[in-house]
Ligand SMILES: *[C@@H]1O[C@H](CO)[C@@H](O)[C@H](O)[C@H]1NC(C)=O
């Protein structure tokens, strides 16, 4: 109980501490709810390689990683990465060893439709995913399939990509082919992974391909198209496939928790605004009762647009018909969440952001607490209570939807002894269980990610894997980190024992130590 009190700041926490059954101690063994599903997540461009094989077309990430000078920190590409296009059986044996219930992976649009359009279907591409899905099912692992994880066909990009409303229809055509050819076996679909990262990072900034960097304009056009693309695919499934295929379909949103930096009303409002701009922009149209963008977001962007001399809001309106099309189109709330940031308002910082821009529209300053444990990624700190608050907020705002955690993980240094990742995973799972205890309907958890892979602009410099990869070896050898053994035991027992130490791992650790000593000797 003291632990909770010490790290909590507002009414949610006070409630939690006061609740009769809410107290826990760090040494308690805690159980997951009946039917809770465990998995791991990956995405196509990050793991597949085989970028020029068997008729695959080029995506914006193939183009980005081959741009000169390279925008990737280590100048690397996803041409080969962990070579899952050839080594998917290795992936399945790792999944089997972990004992996961499901495997979340994404399909490369251009492997199926090389130019993005559905007039030509590349049968070799379909064959690959058929093999993968069939082998997963043979091994008792449920495929959880993302249709779009950022690798937009380059041909569609040339036509404006997600800023072109016609892309909505092309995405529906692509989805139709996936339902038709894979939907007899795939029972969990994610339409789009992380709209904010697509729209804000890819179109509103230069953090992700296609680096459009038109903040305050492009991300809002993209948001509307991505939401409509998602919603239309949902309706397609509902109308043409659901009765027969009996699956479920949703979207995966990435959400941070934004914590007010102080107790002032201003900082509270700044945090609320940041949440609404960061993920409410996508969640509210789908999951709220009334639909549409959050009122605060519409008002802020409208007022600023007028002030800046635009004839209309830079956030294109949703018509009544569009609001109705988008509302209610997700069977579950797919949530990717990694971290928390502090939020405050500071009028003296007016003009700190370019005009127009998303950050200027948001009007909140973001910072962090240096005392929170840091990962190897500058944006990622361990703040489990923030995760719990986020889950409670989603429960409150959207009437307790079923939530699937579809990505949560930590980047560590090289090496197999990843105590920091283990601590992060345990503390986030404890936060998840606390949220369940307080009434949240959380049904699944997927760790990000199975093995080290291509981390977008960070290349191979950030390691998120439960398995370490030797990228210099021809067969991309994978070795379980200590966290893999911990996760395996959580999955096996459906329990979280904070004191569990894997016996098997210690043997491996001995080998690891000997190797390091030998290395030392060679140097001496
Ligand atoms: C993106 O836009 C920002 C702000 O306008 C600017 O500072 C930055 O240099 C731009 N990046 C690129 C790659 O053009």
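Please treat every number below as a calculation from the coordinates, not as lab data. It should be emphasised that the depicted structure is a prediction, and the values quoted were computed from it without experimental measurement. Every residue, glycine as well, gets a Cβ built from its backbone with ideal geometry; the counts of neighbours run over all protein chains shown.
Things worth noting here:
- Cα centroid separation, region 311-387 to region 167-212 (Å): 20
- Prolate/oblate/rounded call for region 339-486, Cα gyration tensor, a/c under 1.5 rounded: oblate
- Region 236-301 and region 44-87: distance between their alpha carbon centers, rounded to Å: 31
- The distance separating the Cα centre of region 100-116 from that of region 463-480 comes to 21 Å.
- Estimated from the Cβ-Cβ distance and a Förster radius of 56 angstrom, the FRET efficiency linking residue 379 and residue 246 is about 0.90.
- With Cα atoms as the point set, the radius of gyration and Dmax of region 388-442 evaluate to 13.5, 43 Å.
- Relative contact order computed over the chain (Cα-Cα under 8 Å; 6+ residues apart), in percent: 16
- Packing-based order for 329-341, 356-368, using average beta carbon neighbours within 10 Å, highest first: 329-341, 356-368
- Shape category assigned to region 222-368 from the gyration tensor of Cα positions, a/c cut at 1.5: oblate
- Set of region 221-242 residues, backbone N closer than 16 Å to the point 7 Å along the Cα-Cβ line of residue 173: 229, 233
- If the chain linking residue 303 and residue 118 were pulled fully straight, counting 0.36 nm for each residue of separation and taking away their Cα-Cα distance, it would gain 62.5 nm.
- Point-to-point label distance, residue 80-residue 31, nm (Cα→Cβ direction, 7 Å offset): 4.9
- Residues in region 130-159 reached by a label modelled at residue 89 [backbone nitrogen below 18 Å; 7 Å Cα→Cβ]: 130-141
- Contour minus Cα-Cα distance for residue 396 and residue 324 (0.36 nm per residue): 23.7 nm
- Spin-label model distance (nm) - residue 214 vs residue 96, 7 Å beyond Cα toward Cβ: 5.0
- Net lengthening on full extension, residue 73/residue 501 (0.36 nm per residue, minus Cα-Cα): 150.5 nm
- Cα gyration tensor, region 335-410 - rounded (a/c under 1.5), prolate or oblate: oblate
- The chain - share of DSSP beta bridges that are antiparallel (%, nearest 5): 20
- CD proxy at 222 nm, helix term only [per DSSP H run n ≥ 4: -39500 (n - 2.57); per residue of the chain; nearest 500]: -12000 deg cm²/dmol
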